[in-house]
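Below is one structure, written out as structure tokens; the observations come after it.
Please treat every number below as a calculation from the coordinates, not as lab data. None of the values given here were measured: they were computed from a predicted structure. Counting neighbours? That spans all protein chains shown, and the Cβs are built from the backbone with ideal geometry, glycine included.
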Amino acid sequence: MLGPTGHIDSFSRDGLPPVEQQPDFLLDGFDYPDHLNVGVELTDAMVAKGFGDNTALIGNGRRRTYKELTDWTNRLAHVLADDMGVKPGNRVLIRSANNPAMVACWLAATKVGAVVVNTMPMLRTNEIAQIVDKAEITHALCDTRLMDDLLKCQKNSKYLKHVLGFDGTMNHSADLDHMALQKPVQFTAVKTGRDDVALLGFTSGTTGSPKATMHFHRDLLIIADGYAKEVLDVQPTDVFVGSPPLSFTFGLGGLAIFPLRFGAAATLLEKASPASMIEIIQQYQATVCFTAPTAYRVMLAAMEEGADLSSLRAAVSAGETLPSPIYHDWIAKTGKPMLDGIGATELLHIFISNRFEDHRPGCTGKPVGTYEVKIVDSDMNEVPQGEVGRLAVRGPTGCRYLYDDRQSAYVVDGWNITGDSFSIDAEGYLHFAARNDDMIISSGYNIAGPEVESALLGHEAVMECAVVGVPDDARGMLVEAHIVLNTGNAPSNETRKLLQDHVKATIAPYKYPRLVKFHQSLPKTATGKIQRFMLRELSA
């Protein structure tokens, strides 16, 4: 039974899946009041707790305190409610790179009771239009540097009627900024319900129309009060840095919700290359980093060259499987573990993770907090210990797709079926095998691409790699490795055989890549995930 609502526009609540298609929610220990507004909890409430003078956001060369962020978001909220006519429950799209203004706009829109849709700069007109149509978005806030595609979308949209630009740089010289400066710093936020939708996170996978995952106000606090508190033990002295876009729930959690929930600081980079992150870590003595394994590999090389990253106490790896060589090298270099974990947009953030005091190579860890997992076959029967099967998860967050028939495929018997293949060992540790659609079946053998990748990365010639299966008449599928070589190593038949022999000597010989292709770089998403589907298409 859902609690009270503060929404006038009921589109999102009306679009929730039927109760029988939703997962079981395990909410013990997460007792929030009936009315809850995350925008208030992360700003005004933090000032009331005494964090007003603490640094909240670092970006564009300046720091902003919690009091400054609170005043800023309240002024913006006035513009949204008073001038743009945003009503509680309306969907508001935000288009920006990672910068303090984007965080401020998200918080302000949340304060006025809007359902926020954060989007990344890479999206073009047609992609934006799909999101606008799916969520029936009426209002948008956009960094003025990214206006063109959004305005083209608005021109032909039957839903998007109100677009206002903000300055994502430090100049505050756009319309939204000028209007906000005329507003008071006090704002009475909408009394949203804890079970009101606060955020729509879009996920598309590789094919099909985009899916909108629905997250309540309570969900946004649960990931902080769960994972961030239990696993990261966030303190007000922490400084966060990372590469994932705020438009992805992994980034919004790691670079906004987690630090702001505990009075810590977030550093925001519009172009979070490994080199930029290395610079920021040293400049601001960052303590918690969220990025992909490939970036940590670059950081290791930078430390060899003299970079001082000793301020980092937590290196969170997600988005890609953490290869054992990087895990071992990081510990050897820093004396600190790397926290591998797995999450999903549908479940909002990380739900299985290693811990500071309990971590292993080639292992994703154990469930976070009240999350429960089991490994099942296609009929939802649990598979024997040690066998690879489908990962099923349930806990305090879970999948709710907005008006989408695909809900019934993701949630089965109250469990979220994430699309990942895992095994669980006798001690309860979970081991990632592959995405369900990435398992390679060759001559009757099940071969997990990440295992082959880890073997290849153990060779000094390999900088990064991805392994996929390609069709073969004789074997069904062949293992194909796509490799970027380290400087000083040239692509050749000799190098190819050297790497194939290395894999044979490292893991079961039948798993070795019969096909090896060399590249200058591998295709990646904005969060650093290697796009294996593109590599498969190259081989088709």
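Laid out as a table, the results:
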| item | result |
| --- | --- |
| Total formal charge among the other residues, if their Cβ is under 15 angstrom from that of residue 497, Lys/Arg +1 and Asp/Glu -1 | +2 |
| Qualifying trypsin sites (Lys or Arg not before Pro) in the stretch 123-155, DSSP loop, other Cβ atoms within 10 Å at most 16 | 124 |
| The stretch 439-539 - charge dipole about Cα centre, Lys and Arg +1 at Cβ, Asp and Glu -1, debye rounded to 20 | 100 |
| For the chain, share of DSSP beta bridges that run antiparallel, in % to the nearest 5 | 60 |
| Loop-located GluC sites (Glu not before Pro) in the stretch 444-503 whose Cβ has at most 12 other Cβ within 10 Å (DSSP) | 460 |
| Förster radius 30 Å - calculated FRET efficiency between residue 126 and residue 409 (Cβ-Cβ, nearest 0.05) | 0.75 |
| Listed pairs 229/366; 152/271; 134/155; 67/111; 87/158; 111/134 exceeding 21 Å between Cα atoms | 152/271; 111/134 |
| Exposure proxy ranking, count of Cβ atoms within 10 Å, fewest first, for 83, 196 | 83, 196 |
| Amide H within-cut-off set for residue 461, under 5 Å, with H built and near neighbours excluded | none |
| Lysines whose Cα lies under 25 Å from that of residue 517, excluding same-chain neighbours fewer than 8 positions away | 497, 504, 529 |
| Selection from 269, 302, 362 lying farthest towards where the dipole of the chain points positive, charges on Cβ | 269 |
| Extension reserve of the residue 385-residue 171 stretch, reckoned as 0.36 nm per residue once the Cα distance is removed | 71.3 nm |
| 15 Å cut-off, amide nitrogen to a point 7 angstrom out along residue 147 Cα→Cβ, residues in the stretch 173-194 | 173-179 |
| Linear extension gain, residue 158 paired with residue 10, 0.36 nm per residue minus alpha-carbon span | 51.4 nm |
| Two-site FRET efficiency, residue 27 against residue 475, from Cβ-Cβ distance with R₀ of 35 Å, rounded to 0.05 | 0.15 |
| Burial ordering of 394, 297, fewest other beta-carbon atoms within 10 Å first | 297, 394 |
| Spin-label zone in the stretch 462-481 - amide nitrogen under 19 Å from a point set 7 Å from the Cα of residue 490 along the C-beta vector | 462-463 |
| Karplus-derived HN-Hα couplings along the stretch 249-265 (A = 6.51, B = -1.76, C = 1.60, θ = phi - 60°), whole Hz, x at Gly and Pro | 5, 4, x, 4, x, x, 10, 9, 4, 4, x, 5, 5, 10, x, 8, 10 |
| Counted charge near residue 117, where neighbours are those whose Cβ lies closer than 11 Å (Asp, Glu -1; Lys, Arg +1) | +2 |
| Residues whose placed amide H lies under 5 Å from that of residue 114, excluding near-sequence neighbours | 89 |
| Options 533, 483, 509, ranked by Cα towards positive dipole end of the stretch 439-539, top entry (Cβ charges) | 533 |
| Folded to 0 to 90 degrees: helix 274-284 orientation relative to the chain principal axis, Cα | 50 |
| Point-charge dipole on Cβ atoms (K/R +1, D/E -1) for the chain, about Cα centre, debye to 20 | 1020 |
| Charge sum, other residues only, whose C-beta stays under 13 Å from residue 335's C-beta, Lys/Arg counted +1 and Asp/Glu -1 | +2 |
| Set of the stretch 486-503 residues, backbone N closer than 19 Å to the point 7 Å along the Cα-Cβ line of residue 305 | 486-489 |
| Cα centroid separation - the stretch 230-281 against the stretch 301-335, whole Å | 17 |
| Label-to-label distance, nm, for residues given as residue 285 and residue 332 (7 Å Cα→Cβ offset) | 3.0 |
| The chain: angle of helix 125-135 to the longest principal axis, Cα-based, in degrees nearest 10 | 70 |
| Cβ charges +1 (Lys, Arg) and -1 (Asp, Glu), total dipole of the stretch 156-311, debye | 720 |
| Selection of GluC sites (Glu not before Pro), the stretch 312-374, meeting DSSP coil and at most 10 other Cβ within 10 Å | 357 |
| Other-chain or far-sequence residues with amide H under 5 Å of residue 7's (modelled H) | 193 |
| Positive-end residue, the chain charge dipole about Cα centroid, Cβ charges, pick of 224, 74, 332 | 74 |
| The stretch 33-194 - percent relative contact order, Cα under 8 Å, separation 6 or more | 29 |
| Computed over the stretch 239-436: relative contact order in percent, which uses C-alpha pairs under 8 Å that are six or more apart | 14 |
